[in-house]
1. Looking only at residues in the stretch 49-77 that are at pLDDT 90 or above and in a strand (DSSP E or B), which one is surrounded by the fewest Cβ atoms within 10 Å (Cβ to Cβ)?
2. Here is a list of conditions, (1) surrounded by 12 or more Cβ atoms within 10 Å (Cβ to Cβ); (2) in contact with an Asp or Glu (Cβ under 9 Å, 6 or more places away or on another chain); (3) modelled with pLDDT under 90; (4) part of a strand (DSSP E or B), and residue 164 meets all of them except one; can you say which number that is?
3. Considering only the stretch 96-109, how many residues are surrounded by 15 or more Cβ atoms within 10 Å (Cβ to Cβ), assigned to a strand (DSSP E or B) and in contact with a helix residue (DSSP H, G or I) (Cβ under 9 Å, 6 or more places away or on another chain)?
4. If residue 117 satisfies all but one of (1) modelled with pLDDT under 85; (2) open to solvent by 60 Å² or more (accessible area, probe 1.4 Å); (3) touching an Asp or Glu at 6+ places or on another chain (Cβ under 8 Å), what's the number of the condition it fails?
5. Just need a number here: residues in the stretch 78-95 that are part of a strand (DSSP E or B) and open to solvent by 30 Å² or more (accessible area, probe 1.4 Å).
6. Where residues in the stretch 167-190 are among the charged types (D, E, K, R) and open to solvent by 70 Å² or more (accessible area, probe 1.4 Å), which of them is farthest from residue 94 (Cα to Cα)?
7. With the requirement that a residue be within 12 Å of the chain's Cα centre (by Cα) and charged (D, E, K, R), what does the stretch 65-89 give you?
8. For residue 142, all conditions in the list (1) in contact with a strand residue (DSSP E or B) (Cβ under 9 Å, 6 or more places away or on another chain); (2) at pLDDT 80 or above hold save one; what is the number of the exception?
Amino acid sequence: MNVTRATKVLVCLTLLLTINPVMASFRCGSALVSQGDWPLEVEERCGEPDYVATYPQAVVPGLGVVQTEEHWYYNRGPQSFIRRLVFRNGKLHREDSLGYGFYPDNAGPCDTGALQEGISEFEVVARCGQPLSRQVTWQVVTPGRSRLAHRSYPVPVEEWLYELSNTQFRRVVTLRNGRVVDVESTKKPY
């Protein structure tokens, strides 16, 4: 079967036109939320998020935070993926699909085996609670070697300190853009 070039172009254009709107929307029951929606509109359609993390993006001396980023997490149980909605400056910027969700009463134990690379900040808090201490920095990321490589953007990098047991070690969980990238042991100061 020989497919002509015109047919290939037509198929590609059709796919681009049909895929783009789907990628820009997140379904909440029978409602859709889209890029550019206000947080109130999202909450009206989807309900309260299960977890919210807020990050300052830009701080001007004397004025304080002038830009923010919020991550809203929705956990619909083990049959669905956890959804993260990223808001920048009060508007929905994007939606990410993470790993499978869980029942809130069955988040799992807070131990070194549970703190694995790739899990979300929401999953860490669900299992281990809030950290003893945290610090946030920002890293500028440049996507892979593509035409868009000149589009760098900042992502939050956090270190969370946990004391998991009465041993002499604590755990430092490093999160980059809301995902665990490293877990290290550190001695207690005494």
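The values are calculated or read from the model by the stated rules, or taken from the named source; none is laboratory data. Because the structure is predicted, anything quoted here is derived from the model rather than measured. When we count neighbours, we look across all protein chains shown, and the Cβ atoms used for this are built from the backbone with ideal geometry, even at glycine. The area values use the complete protein model at the heavy-atom level, side chains included, leaving out ligands, DNA and RNA. Shrake-Rupley method; radii C 1.70, N 1.55, O 1.52, S 1.80 Å.
1. Only one residue tops the list, namely 52.
2. Of everything listed in (1) surrounded by 12 or more Cβ atoms within 10 Å (Cβ to Cβ); (2) in contact with an Asp or Glu (Cβ under 9 Å, 6 or more places away or on another chain); (3) modelled with pLDDT under 90; (4) part of a strand (DSSP E or B), residue 164 misses just condition (4).
3. Number of matching residues: 1.
4. Going through (1) modelled with pLDDT under 85; (2) open to solvent by 60 Å² or more (accessible area, probe 1.4 Å); (3) touching an Asp or Glu at 6+ places or on another chain (Cβ under 8 Å) one by one, residue 117 breaks only (1).
5. Taking the stretch 78-95 first, the residues part of a strand (DSSP E or B) are 81-88, 91-95.
Subsequent filtering for residues that are open to solvent by 30 Å² or more (accessible area, probe 1.4 Å) retains 81, 83, 88, 91, 93-95.
Here the count works out to 7.
6. 187
7. Step one: of the stretch 65-89, the residues within 12 Å of the chain's Cα centre (by Cα) are 69-74, 82-87.
Within the stretch 65-89, 69, 70, 83, 84 meet the criteria.
8. Of the numbered conditions (1) in contact with a strand residue (DSSP E or B) (Cβ under 9 Å, 6 or more places away or on another chain); (2) at pLDDT 80 or above, the odd one out for residue 142 is (2).
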